[in-house]
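**Q** This is the structure I want to talk about, given as structure tokens.
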Amino acid sequence: MRKMRAILASVTLAIALVGGVSPVPAAAVAPDNLGPSCTDIKGRGGTSYKVVPDPGPTGAAEFHFEFFLATAPCNQATYYLYITDSSGGSVRIATYPATAGNDLLTLCDTNKFCYTQTFGATPGGAPTPIFVSGASQIGQHTADTTPMVDYVLCDANSADPTYPDCPIGDNSWDQ
């Protein structure tokens, strides 16, 4: 019986340790959906994480991300894009409006934010997968969050197995 309890305690500890490893931005807080519609994040599109110039696999790892709000952004809100690598370390944080020490999200349409960043030379200089999530806040109040999605570096060189081949068009993983 003692041995069974020890095994059960070890399994419980292992599950707790593994569960705490996933990359989650420090600011990720459950939203209460009580913010104005200008803080409602509606979706993403036109997103790619690929080797440029095509056809790779050597070049730069360029990431482009777009996300949409229900309406135009409001001046009392701050919008965040969190990018982490597979170790859970923060690679980038982008905000709108600009905040000290972070990259800038660009308002590229009435209710659409865009972000483009180069993550280093390929192969080997850039993280292969990256994980992306977003949030909107009014002061310290989290109005909306997004699920975390992952993007894998791809290239347009079907003859080289270094990276998976990019889908035609871009690497959009829209839901």
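The values are calculated or read from the model by the stated rules, or taken from the named source; none is laboratory data. None of the values given here were measured: they were computed from a predicted structure. Ideal geometry is used to build each Cβ from the backbone, glycine not excepted, and the neighbour counts take in all protein chains shown. These accessible areas exclude ligands, DNA and RNA; they are computed on the full protein's heavy atoms, side chains included. Shrake-Rupley method; radii C 1.70, N 1.55, O 1.52, S 1.80 Å.
**Q** Give the residues of region 65-102 that are polar (S, T, N, Q) and touching a residue at least 40 places away in the same chain (Cβ under 8 Å), sorted by residue number. It would help to see each step written out before you state the result.
**A** Going through region 65-102, the residues polar (S, T, N, Q) turn out to be 71, 75-76, 78, 84, 86-87, 90, 95, 99, 102.
Once the filter is applied, which keeps residues that are polar (S, T, N, Q) and touching a residue at least 40 places away in the same chain (Cβ under 8 Å), region 65-102 yields 71, 76, 78, 84, 86, 87, 90.
**Q** I need the full set of residues from region 87-123 which are open to solvent by 80 Å² or more (accessible area, probe 1.4 Å) and under 13 Å from the mean Cα position of the chain (by Cα), in order please.
**A** If we filter region 87-123 for residues that are open to solvent by 80 Å² or more (accessible area, probe 1.4 Å), which is where we start, we get 87, 90, 100-101, 104, 109-110.
Residue satisfying the conditions is 90 alone.
**Q** Here is a follow-up. Please go through (1) part of a strand (DSSP E or B); (2) touching an Asp or Glu at 6+ places or on another chain (Cβ under 6 Å) for residue 57 and return the number of the only condition it doesn't satisfy.
**A** (1)
**Q** Moving to a separate point now. Within region 103-111, is there a residue that is free of Cβ contacts under 8 Å to residues at least 24 places away in the same chain, closer than 20 Å to residue 89 by Cα and in a strand (DSSP E or B)?
**A** If we filter region 103-111 for residues that are free of Cβ contacts under 8 Å to residues at least 24 places away in the same chain, which is where we start, we get 103-104, 106, 109.
Restricting the remaining residues to those that are closer than 20 Å to residue 89 by Cα gives 103-104.
Subset that is in a strand (DSSP E or B): 103-104.
Yes, that holds for at least one residue.
**Q** If you scan region 131-153, which residues turn out to be under 12 Å from the mean Cα position of the chain (by Cα), part of a loop (DSSP other than H, G, I, E, B) and among the aliphatic types (A, V, I, L, M)?
**A** Answer for region 131-153, where residues must be under 12 Å from the mean Cα position of the chain (by Cα), part of a loop (DSSP other than H, G, I, E, B) and among the aliphatic types (A, V, I, L, M): just 148.
**Q** What about residue 78, is it at pLDDT 95 or above, surrounded by 14 or more Cβ atoms within 10 Å (Cβ to Cβ) and over 28 Å from residue 166 (Cβ atoms)?
**A** Details: at pLDDT 95 or above: yes; surrounded by 14 or more Cβ atoms within 10 Å (Cβ to Cβ): yes; over 28 Å from residue 166 (Cβ atoms): yes.
Yes, satisfied.
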